Every structure is written in structure tokens, then in C-alpha cells.
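So the structure is just underneath, and the comments pick up after that.
Every number in this text was worked out from the coordinates using simple rules, so none of it is lab data. Computed from a predicted model, the values in this text were never measured in an experiment. Don't worry about glycine lacking a Cβ; one is built from the backbone with ideal geometry, like all the others, and counts go over all protein chains shown.
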Amino acid sequence: MAVGSDQVADRCSAAARPDPAPEAHAGVPDSSAPCSPCSSRAPASGCEDPDAGHSHIEQLRARLAHEYESFLAAVADWARVKEQWLGEKKRAVLEQWEQVDLQSKLREIERRLSQQLRRMRSLQAQLA
């Protein structure tokens, strides 16, 4: 599908766009606001301070760096908690395995005692 030049809006021209609702995207820069690096694309677009674009980009970079650090911290916390959870599960499985092992040993002892009881009754019957 071809897009005509009349269908492409310049990001720097805010006059043709309606104002978005204030609650539209919290924390996301308003795309209808004039963009800072306009001076390189459209010199007569109303951007007075070329340093404003640079400071805006630096602010975005700082925010991105902060968000990345927060993300790394959250991943590190997740990994630490996941390791604790796995350690607890491992201990629980080992405890259950030990309990099963003890139960198995107990059943084996009970089986041997039952056999011994039969042998004793057989000996008693022979003596009587």
C-alpha cells in the first residue's frame, strides 16, 4: 500500500494534531509536543534552542540508564529469591527422600520380624 506525502505528518508540527488526553500514556513523552531536534529537519518549525534537543536526549539517556539499573536490580533480586526457593525445594525433597528411605527400612525390619515370628511359632508348635 502506497502512502502519499499528504498522509505523512511531520513530527515537529503539532498544529495539525489534537491534544491527547492527559491520562493517555503516563510517563511517555508527549509525541504531539514539538520535537527538540527539529532545527536539523525543519529550520522554520519554531524550535528556538538547539541545546534543548541535546538536553532532552541526555535526560532520556539518564532515565533509560536509571530504568536499566532498576531492571538489573530486579533481575538480581529475582535470581536471589529463585535460588532461595530452589534451595528450600531441594531440602524438602531431600527430607522427603530421607523419610521414604526410613519408611522403606522400617517396612523391611517389620517384614523380617514377621518372618521371625512365624519361625518362632513353628518352633513352638514343634516343641508342643
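Pairs of alpha carbons in region 48-127 separated by more than 22 Å make up 68% of all such pairs. Note on region 48-127: dipole from Cβ charges, positive end direction compared against Ala76, Ala125, Leu94; the farthest Cα belongs to Ala125.
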